[in-house]
Amino acid sequence: MATYRKPVSIINEAGWCGGCGHGVVQRLITECLEELGLQDKAVCVVDIACSYWSLDALDYDAIAGPHGRCAAVATGIKKVRPDSTVYVHAGDGSSYVIGLSETCYTAIRDIPITMIVVNNGIFGMTGGQMNLATTLIGDKTVSSKEGRDADTMGHPVDMLNIIKNLDVEFAARGALYDAKHIDETKRYIKRGFENQMNKKGFSIIEVLSPCPTNWKMTPIQAMEKIKNENEKMFPVGIYTDRGGETV
Amino acid sequence: MNTDYVLMKGNEAIAEGALRAGCRFYAGYPITPQSEILEYMSLNMGKRGGTFIQGENEISSMSMIWGAAAAGARCMSSSSGPGYDLKQEGISYLSSYNLPAVIVYAMRYGLGDGEITAGQDSYWEAVRGGGHGDSRQIVLAPASVNECASLTYEAFDIAEKYRNVVIILSDGAVSQMIEKCNLPEPKEHDIDEFDWVISGKPLGTKKNKVTNLDRTIGYEASDKYVLDKYKTMFENEQRWEEFETDDAELVLVAYGISSRVCKTAVRQARKNGIKLGLLRPVTVWPFPRKAFEKMPESVKGYVTVEMSLSTQMGEDVLLAVKHSKPLYSYLTTYHIPTADGIVDYCNSVIAGDVEPREVI
Ligand SMILES: Cc1ncc(C[n+]2csc(CCOP(=O)(O)OP(=O)(O)O)c2C)c(N)n1
Ligand code: SF4
């Protein structure tokens, strides 16, 4: 029987809403770092959005923002401190909308960092506006009140389908709606850190994650929505793996 | 004695000065008239064991600097005009945690895309800028290739001394001209020298959280820290050069390329019995107010010589003299001033044909 202990890297409470996926993601990150013995080298890069809570919650050196620029910030750190384990924990607005070019060019440069993107289909921190990259057609947000309409707002885009063509080390998408998927997501994240440990290239792990507060749903409804709707547009799995091993 | 004389472009001297100061991280995006800094770094940074990155734009370049500076490296970026606008976000972030970094602004003239030639009309952006929020940057204005190297070299020490952004304010002319230059001694910087860096440290030891300083140490402590620091910088860092000011009746105030022409103008005017002097701010922030306090009684007024459309530095002169003397401004927009033009203008001032300026 498995015994669970809280990662010792988590030293403060974070202020995420109940049922939010960010906390699960933080937990998986810390578990992976501790299991790989990397916790003493970790440098955490968070965005000025809901992932910001991790800055103080963890016993790691950490840096925040600017909004959208996390991959570039991590690039600066990793170049100066190649032996540190530098990771990004940021939202999908940060990583795919305002910071699209930072994310893509960090991938193109194949900077050996581990980037974890929380795809919650919405701008969480600022009150639930539409995310150009990830809000599904028809989804209502405070800035698409009648539902996202492709004619005026364009279609969402599966960024991993683009990033996988940029010759990166590893790109995968996980989800959090049941134990099996959480386990799978953890394996992806761990792989991202192993790659960094082994001096390989850029790894990106996107996580389909609920934002019950701004989706105006209960945590359970939010999990159901991911399973029934979001995952159809954003399939989970490995998009590219230069190492070639199956996870 | 360092006999390391070379012939160099201003931009190259800035880049070499930075490398010799131990700058080991550069990220930037091309724009005239500063691109040679980036090009020089692309060739030479790797040889010194540092990192050169041609960023996808100025914003991301500054974000890389935010990370690299937090990780403890001496780092630099450079830009001009519209590119410098995009650096403002990064400068504000650097200022929010009080991280040292050196940013070069080689001014080009004009609004929007403007011209690619020299100008000094971004004085306000360099001196009053710094992005959103309330911060100050030390702004050093080289007037020769030699100063491009020496001030940039020193800028890294100043930046670390105060944990502050230092700006090298050059212009298209100073950046592009080729002159004799005496290069400073190369040195290395230890990225672990300071206790505020992020590096990845064992659990249970003190960690750094690089974000707004007030979020880490509280508003009260942070406000006090920055206000004390800005006051100290203002008090200690004012630098200027005086030329023939002892008995001057009219004092030219100019920096960068304009100040060089002003020297010729002073000599020329004095040959004709006009008592002209020059006060050249080397720091434009802090503006050298102390220099104005010690100006001789003989001074009847000040003339700024600026490559701008409206008087910009002139406002700082009025503040420095507390409106006690009249201000005139000889403004040459995208033309480098000529000594004849300056002397003619001063003759008109003396003849009473020019109205003093308040604003514009
Ligand atoms: C330059 C800039 N623009 C806008 C903002 C405001 N802002 C902060 S977070 C955010 C969106 C957050 O959404 P996402 O990145 O998806 O993260 P989440 O909060 O959902 O985790 C915005 C628009 C900002 N801080 N900086
Ligand atoms: S607003 Fe959404 S993303 Fe942010 S903490 Fe709450 S549930 Fe999580």
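General observations
- Some residue of the range A:156-166 being within 14 Å of another protein chain (Cβ to nearest Cβ), in contact with a Phe, Trp or Tyr (Cβ under 9 Å, 6 or more places away or on another chain) and more than 16 Å from ligand 2 (Cβ to nearest atom): yes
- Options B:Leu38, B:Leu7, B:Leu19: the member that is touching a residue at least 60 places away in the same chain (Cβ under 8 Å), under 18 Å from B:Ile65 (Cβ atoms) and either within 14 Å of another protein chain (Cβ to nearest Cβ) or more than 17 Å from the chain's Cα centre (by Cα) (or both): B:Leu19
- Pairs meeting the criteria (first residue in the range A:3-17 and more than 11 Å from chain B (Cβ to nearest Cβ), second residue part of a loop (DSSP other than H, G, I, E, B), beta carbons under 8 Å, at least 6 apart or on different chains) are A:Cys17/A:Cys211.
- The one condition from (1) away from ligand 1 (no atom under 13 Å from the Cβ); (2) within 24 Å of B:Ser96 (Cβ to Cβ) that A:Gly65 does not meet is (1).
- Every pair of residues 6+ apart whose Cβ atoms lie under 6 Å, when the first sits in the range A:203-228 and is among the polar types (S, T, N, Q) while the second is more than 12 Å from ligand 2 (Cβ to nearest atom) and outside any loop (DSSP other than H, G, I, E, B): A:Ser203/A:Thr114; A:Ser203/A:Phe170; A:Ser203/A:Gly192; A:Ser203/A:Asn195
- For the range A:28-58, a tally of residues being away from ligand 1 (no atom under 16 Å from the Cβ) and within 15 Å of the chain's Cα centre (by Cα) returns 2.
- In the range B:93-117, the residues that are surrounded by fewer than 24 Cβ atoms within 10 Å (Cβ to Cβ) and farther than 21 Å from B:Asn212 by Cβ: B:Tyr109, B:Gly110, B:Leu111, B:Gly112, B:Asp113, B:Gly114, B:Glu115, B:Ile116, B:Thr117
- Residue within the range B:212-232 that is part of a loop (DSSP other than H, G, I, E, B) and either surrounded by 12 or more Cβ atoms within 10 Å (Cβ to Cβ) or modelled with pLDDT of 95 or more (or both) present: yes
- Wholly enclosed helices (runs of 4 or more DSSP H) of the range B:55-165 bearing at least 2 residues touching a Gly at 6+ places or on another chain (Cβ under 8 Å) and over 21 Å from B:Thr304 (Cβ atoms): B:58-70, B:81-85, B:88-96, B:145-162
- Annotation: of all residues in the range B:74-92 being surrounded by fewer than 24 Cβ atoms within 10 Å (Cβ to Cβ) and under 19 Å from B:Ile138 (Cβ atoms), the one that is farthest from the other protein chains (Cβ to nearest Cβ) is B:Gln88.
- Considering residues of the range A:104-138 that are more than 14 Å from chain B (Cβ to nearest Cβ), in contact (Cβ under 8 Å) with a residue 60 or more places away in the chain and away from ligand 1 (no atom under 11 Å from the Cβ) only, the residue surrounded by the fewest Cβ atoms within 10 Å (Cβ to Cβ): A:Leu136
- Inclusion of A:Cys44 among residues that are more than 11 Å from chain B (Cβ to nearest Cβ), away from ligand 2 (no atom under 16 Å from the Cβ) and not in a loop (DSSP other than H, G, I, E, B) is not warranted.
- Check on A:Ala74, farther than 22 Å from A:Thr213 by Cα, outside any loop (DSSP other than H, G, I, E, B) and at pLDDT 95 or above: yes
- When each of A:Gly37, A:Gly15 is tested for being more than 14 Å from ligand 2 (Cβ to nearest atom) and surrounded by fewer than 22 Cβ atoms within 10 Å (Cβ to Cβ), the lone residue that passes is A:Gly37.
- Pair list, Cβ < 9 Å and 6+ apart or interchain, from the range A:48-74 residues that are farther than 22 Å from A:Ile10 by Cβ to residues that are aromatic (Phe, Trp, Tyr) and assigned to a loop (DSSP other than H, G, I, E, B): A:Ala71/A:Phe202
Residue-by-condition table, conditions (1) closer than 27 Å to B:Arg128 by Cα; (2) within 14 Å of chain A (Cβ to nearest Cβ); (3) of a type outside the set (S, T, N, Q):
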{"residue": "B:Asp157", "(1), (2), (3)": "yes, no, yes"}
{"residue": "B:Lys161", "(1), (2), (3)": "yes, no, yes"}
{"residue": "B:Leu169", "(1), (2), (3)": "yes, no, yes"}
{"residue": "B:Ile178", "(1), (2), (3)": "no, no, yes"}
{"residue": "B:Asp192", "(1), (2), (3)": "no, yes, yes"}
{"residue": "B:Leu213", "(1), (2), (3)": "yes, yes, yes"}
{"residue": "B:Phe234", "(1), (2), (3)": "yes, no, yes"}
{"residue": "B:Glu244", "(1), (2), (3)": "no, no, yes"}
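- Restricting A:Ile137, A:Ile108 to residues that are closer than 23 Å to A:Pro235 by Cβ and away from ligand 2 (no atom under 15 Å from the Cβ) narrows the list to A:Ile137.
- Odd one out for B:Gly130 among (1) within 22 Å of B:Arg280 (Cα to Cα); (2) under 13 Å from the mean Cα position of the chain (by Cα): (1)
The values are calculated or read from the model by the stated rules, or taken from the named source; none is laboratory data. Since the structure is predicted, the reported quantities are computational estimates derived from the model, not experimental observations. Quick reminder, even Gly has a Cβ in these numbers, built from the backbone with ideal geometry, and neighbours come from all protein chains shown.
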